[in-house]
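**Student:** There's a structure below that I have some questions on.
The values are calculated or read from the model by the stated rules, or taken from the named source; none is laboratory data. It should be emphasised that the depicted structure is a prediction, and the values quoted were computed from it without experimental measurement. Don't worry about glycine lacking a Cβ; one is built from the backbone with ideal geometry, like all the others, and counts go over all protein chains shown. For accessibility, only protein heavy atoms count, side chains too; no ligands or nucleic acids. Shrake-Rupley method; radii C 1.70, N 1.55, O 1.52, S 1.80 Å.
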Amino acid sequence: MTRGRSEPSVRSLFGSLHSPSTFSPMSGSAPGRHGRAGAWIWALLCLMAGLLQAASLAWPWADWSLPWTRTGQPSGLWQWLTLTLLVLALQWSDKGTQAAWRGGLFATAWLAGSFWWLFISMHVYGGLPAWLAVLAVLALASALSLYYAFAAFAMWTWAPRARWLQALLFAALWTLAELARGRWFTGFPWGAAGYAQIDLLGAWAPWIGVYGMGFMAALLAYGAATLLTVTFRALQRWIEVPDRRRSRPRRRVGGGLVHRVLHALAACLLWGGLLGGLLAAPRLLVLAHADTRDTGTLRVWLLQGNVPQDEKFEPGTGVADALAWYPAQLAEALAVASSSDLAPQLVVAPETALPLLPQQLGEPFWGPLLNAMARQPGPDPALGTLIGLPLGSFERGYTNSAWGIDRQAATEALARANDPGVAPFFRYDKHHLVPFGEFIPPLFRWFTDLMNIPLGDFDRGALPQAPWSFAGQRIAPNICYEDLFGEELAAGFRVAEQAPTVLVNLSNIGWFGDTVAIDQHLHISRLRAMELGRPMLRATNTGATAAIDHLGQVSHLMPRLTRGRLEAQVQGREGLTPYARWASRWGLWPLWLLCLGVVLTVVLAGRLRSRRRAG
């Protein structure tokens, strides 16, 4: 009697989650309708999982932490677990529209949690009303989440019965959503899931890049979610009423045995290969760098001015401060260069360190600086500087640029009557511009007019641009969030003998305050170094100013929101990693084609199987 009374309560517990009414191809059983309570529970889980996915990119809290987290650091395990929760939510969906809703909710929470700091640039520094700034961040996150909502809908609709094929389909659709977000409409790939996997799957970075790492994480998440779902189903069957279990018709073992064996072998190959790849990570890293070599060391000073963002473009405060401090640092470097063998060879100042056009500064600024650079004693290589500044004019247009100045260039510039407008300096012009900050999308002029931010429509630089040959290295700058686009940096590696040996990022993250944006951008630069097998130097206004080696490890880091210089030494590298080799030739097209091929193959195979059964 006791057992008979207890069984209905247990059954009702399972039934509250899934009552058999409709078939879900992803769950392999009959999920049915959850009811309002169940739907809200799953929605809350998707929301929480999305926020934790954002936190996994760079843990934002210093006062407390969860397992596998360190403040400011990525956590591949948390990213994997949160993506597993999303897969469970999709597997236990009743219909495609519900799956799309859950995928979109997860992505909106994840993306808004990743770049919520845009609120600071729009409200604190731009003067946009707080409610409108919040709405703008949510609107951007919601718009970008549509890629993932469609992927979730397609996954529920097209999922085959074989679970290893489901895993491949989910990983392909997830990666296609990531690629679309990163490339379409100029692209905004900030917070891509692969960045959380720097430590866990980092050995794969020089082979398949950040999107390939995201593909692998999606495979792992689907496998974990499927294991949980299968375990739950088995438990559910065992606690059913015995009479009902006995009355269930037995499956025939004959006809489909070969088919099931083949599927089992394919699943073993997939999961075994994935596990083997994780275990062989050290060997993979060695093989990826087998064709790269040391090109010598470069001693650098990386300057961090910490000019307050609300004063940066004010003539009486921030502009005067920058025009005094940065040249003083260069003068000190010149003094050290003439008296020490450990003097810097290169001084790097961040994006728009000089916040005025060269012609606005004139001879009183450039004359002393160029004379000091030209009169350096000793043999080459003499001290050089790479400094961020705007270039151009109203007639020719403006660019967000960097100038590289060495002794020879300074001497030639002086011979041209101190006219920096035609000075023979190395020049890099930013190619990938920031929407709203450096170019205004069509129909959005009204929005930018609401903000008190120095905006403009800048001209784009070419892709690729030749690196700066200096001090025995080939130095390739990139500005601000250009280092999000690894395939664009890889374009400079098409000819191995002319490829950069050192990468330099010049940024100003001061727009976003003392937030997790600083940590996130540091890890983005780390992944670029890992993909391309090159050291990455970072000179920023407020942080993170750092030196990163070719394996993605931070060797030198300056405290954020402080003024000073970071003295570092990096080892240049030449030769190509596998990622640099294929991405420099074909961009991201191999990943696009691979994922599209997986989707088409799985969908067509499912259709053919359905036709055979119907026939």
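**Student:** Could you order Asp341, Asp199 by accessible surface area, starting with the largest, using a probe radius of 1.4 Å? Can you show the working numbers first?
**Tutor:** On the way: Asp341 140, Asp199 90 Å².
My answer, sorted largest first, is Asp341, Asp199.
**Student:** For region 477-486, in order, what is each residue's ³J(HN,Hα) by Karplus, 6.51 cos²θ - 1.76 cosθ + 1.60 with θ = phi - 60°, in whole Hz (x at glycine and Pro)?
**Tutor:** Once θ is set to phi - 60°, the couplings for region 477-486 become x, 9, 10, 6, 7, 4, 6, 6, 10, x Hz.
**Student:** Please list the radius of gyration and Dmax for region 155-234, considering alpha-carbon atoms only, with Å as the unit.
**Tutor:** Computed over the Cα atoms of region 155-234, radius of gyration and Dmax are 14.0, 47 Å.
**Student:** Using a 1.4 angstrom probe and counting only protein chains, how large is the accessible area of Ser469 in Å², to 10?
**Tutor:** About 90 Å², ignoring ligands and nucleic acids.
**Student:** Between Leu357 and Leu235, take the C-beta separation as r, use R0 = 60 Å, and let me know the FRET efficiency to the nearest 0.05.
**Tutor:** According to the calculation, E is roughly 0.30.
**Student:** Follow-up question, since we're still on this one. Rounded, prolate or oblate: pick one for region 319-368, where a ≥ b ≥ c are the square roots of the eigenvalues of its C-alpha gyration tensor, a/c under 1.5 means rounded, and failing that, prolate if a/b is larger than b/c, else oblate.
**Tutor:** prolate
**Student:** By the gyration tensor of its Cα atoms, with a ≥ b ≥ c the square roots of the eigenvalues, what is the shape of region 510-603: rounded for a/c under 1.5, prolate for a/b over b/c, or oblate?
**Tutor:** Working: a/c = 3.90, a/b = 1.79, b/c = 2.17.
Here region 510-603 falls in the oblate category.
**Student:** For region 313-426, what is the largest minus smallest coordinate of the Cα atoms on each principal axis, given in angstrom and ordered from greatest to least?
**Tutor:** Cα extents, longest axis first: 43, 30, 22 Å.
**Student:** Quick one: if the Förster radius is 45 Å, what FRET efficiency do Asp310 and Leu227 give, using the C-beta to C-beta distance and rounding to 0.05?
**Tutor:** Rounded to the nearest 0.05, the efficiency is 0.30.
**Student:** Taking the Cα centre of region 504-615 as origin, sum charge times position over the Cβ atoms of Lys and Arg (+1) and Asp and Glu (-1), and report the length of that vector in debye to the nearest 20.
**Tutor:** Here the size comes out at about 860 debye.
**Student:** At 1.4 Å probe size, put His556, His289 in order of accessible surface, largest to smallest. Each step should come with its number before you reach the end.
**Tutor:** Details: His556 60, His289 25 Å².
Order by accessible area, largest first: His556, His289.
**Student:** For an R0 of 51 angstrom, estimate the FRET efficiency from the Cβ-Cβ distance between Arg460 and Thr97 and round to the nearest 0.05. Spell out each step's value before the answer.
**Tutor:** Values: r = 40 Å, r/R0 = 0.78.
So the FRET efficiency works out to roughly 0.80.
**Student:** A further question follows. Counting Lys and Arg as +1 and Asp and Glu as -1, what is the net charge of the other residues whose Cβ lies under 12 Å from the Cβ of Ile475?
**Tutor:** Net charge in that neighbourhood comes out at +1.
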